[in-house]
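Here is the structure we will look at, set down as structure tokens.
The values are calculated or read from the model by the stated rules, or taken from the named source; none is laboratory data. Everything numeric here is computed off the predicted structure, so don't read it as measured data. Glycine also receives a Cβ, built like all others from the backbone with ideal geometry; neighbour counts cover every protein chain displayed.
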Amino acid sequence: MTISTTIKRYLDTAGVSYKEHSHRREVCLRTLEQELGLDARYIAVPTILQSDKNALLMTVIPLTHELDLKRLNGMLRRQFSVVTDADVLSEWFNDVEPGAYPALAMAYKMPLIVDRNLMTDQRVFFKCGTHNGLISLDGDDFQYLCSSVPKAVIANRRSMDDSLDEPVIQEGAQRSTIDEIKEKLGKINRLPAMPPMAYQIVRLVNDAETTAEQLSEVVELDPSIAMQIMRYAGSPYYGYRGNIDSVQDAITRVLGFDLVSNIALGIASAKAFNIEKEGPLGLKAFWRHSLYSAMLSQAIARKVGDIGKINPSTAYLGGLLHNMGVLLIGHLFPPEFKMLNKLIESHPGDSLQVLEKRVIGLGQAKQVIELGHSQIGSWLMDNWNMPGEIIACCEHHHDENYNGEFADYVQIVQVSNQLLAREGIGDCGVIESSEAGSMDSLEAFDVLSIEELEALFMNVMEMCGEIDELAGRMAA
């Protein structure tokens, strides 16, 4: 048994789903944090207190904190102390092993106060009856169950806790560690699922019999995506002077099947994340960078090879989605994401790749963010069964030494980002024209000169008004 009968009945009655996580018996929570790949901030730890008048109270705080009993007593104007009498506890928790008390005291009709740090949209983990398993709830469900429970700041972050201070990945052991972290993320379902619209588009694209009409019917199920595609097709960049009245018009008259499907796929994919609009890594900045990179990558791809070798629509999608790891960090680790935004504001000349190493995090947050947005973005794309070209663009867009199967697409995105960085667009930091040395990597194509690249860049920058406006609408 992992979950007590009382808690199971309580959750079933409330209509709240939960997951059970088995583990070795009698393992402390600090060890479980590492073995199961959990984030200690979202492990709920209950403490049973007794007042000077024998009233019982449960407090629930994150594993990263310690209860401030003095503050709590001052707030409640009572004198509480930790209960040490096992007999008293067994009377209340008669279907629970000693020490495995659930964080949902209301199921046992016991008063409860929850530390505000646990009011999160992340999954919350806690013991629930035995010493060989945890259960977890979605953050929204935990908040729902605690909606009538008092919430307050009743704990302080631990000043020093070696068990929560993960070491930096050691050189030579990096690959196995990366695989372990990826496996842990998968085990607790931290990677968001592909949005239904994106899934439908991928399914259509993979069917050689799909028509423009069928694609337009699916895209038009989301009016916001349909409108953005129609506006895109009507922009001066594509030079079409007629009216665009439907997604099918955008496909057949201007953009083509591949480009429309890729634009729609990119927009739909980003809807999996809950990210603030403002800030240097907010949704507005993300879409601005992605759209410029996509359009410039597409323009370069049209010049450097025929469609048999380099598909401009695929290059567009690579530019559009190469930074999805940024959104994933923001979605999984909101506090660290805010810290990254502040670091970028105070260090505009540094790249995101450098600043990620400076973020102070705990447990899994520290491990994942140190690996970088490139690595975890590629995990997400792989998890969503995206094309190999897109996975490579996510993983290697900061790796100038990459020479794998999809090097052409990766190099195109790299060059696009170097050019855009001169205008302060993207995550490479602000650089001068003379520093854009990676443009020389396109000499491998033996077709584009630096002057031609500059001309393509200027053509895209002439569209800055429309691109910025589109980015703002996509972030809305």
* State whether the residues of the range 308-319 include one that is surrounded by 24 or more Cβ atoms within 10 Å (Cβ to Cβ), modelled with pLDDT under 85 and either of a type in the set (Lys, Arg) or not assigned by TED's automatic domain parsing to the domain that holds residue 123 (or both). => no
Within the range 234-250, the count of residues that are in a helix (DSSP H, G or I) and either modelled with pLDDT under 85 or touching a Cys at 6+ places or on another chain (Cβ under 7 Å) (or both) comes to 3
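Does residue 207 qualify as being modelled with pLDDT under 85 and closer than 30 Å to residue 268 by Cβ?
Here the answer is yes, as residue 207 does meet what is asked.
Kindly indicate whether any position in the range 66-87 is farther than 22 Å from residue 155 by Cβ, touching a strand residue (DSSP E or B) at 6+ places or on another chain (Cβ under 6 Å), among the acidic types (Asp, Glu) and at pLDDT 85 or above. Steps first, please.
Initially, the range 66-87 is screened for residues farther than 22 Å from residue 155 by Cβ, giving 85-87.
Within this subset, residues satisfying the condition of being touching a strand residue (DSSP E or B) at 6+ places or on another chain (Cβ under 6 Å) are none.
So far as the range 66-87 goes, no, none of its residues is farther than 22 Å from residue 155 by Cβ, touching a strand residue (DSSP E or B) at 6+ places or on another chain (Cβ under 6 Å), among the acidic types (Asp, Glu) and at pLDDT 85 or above.
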Filter the range 64-103 for residues that are acidic (Asp, Glu), in contact (Cβ under 8 Å) with a residue 60 or more places away in the chain and in a loop (DSSP other than H, G, I, E, B); the one that is surrounded by the fewest Cβ atoms within 10 Å (Cβ to Cβ) is 95
Residue 169: at pLDDT 65 or above and either of a type outside the set (Ser, Thr, Tyr) or in a helix (DSSP H, G or I) (or both), yes or no? no
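Search the range 108-141 for residues being part of a helix (DSSP H, G or I) and surrounded by fewer than 20 Cβ atoms within 10 Å (Cβ to Cβ), and hand back the single one that is nearest to the chain's Cα centre (by Cα).
The residue in question is 139.
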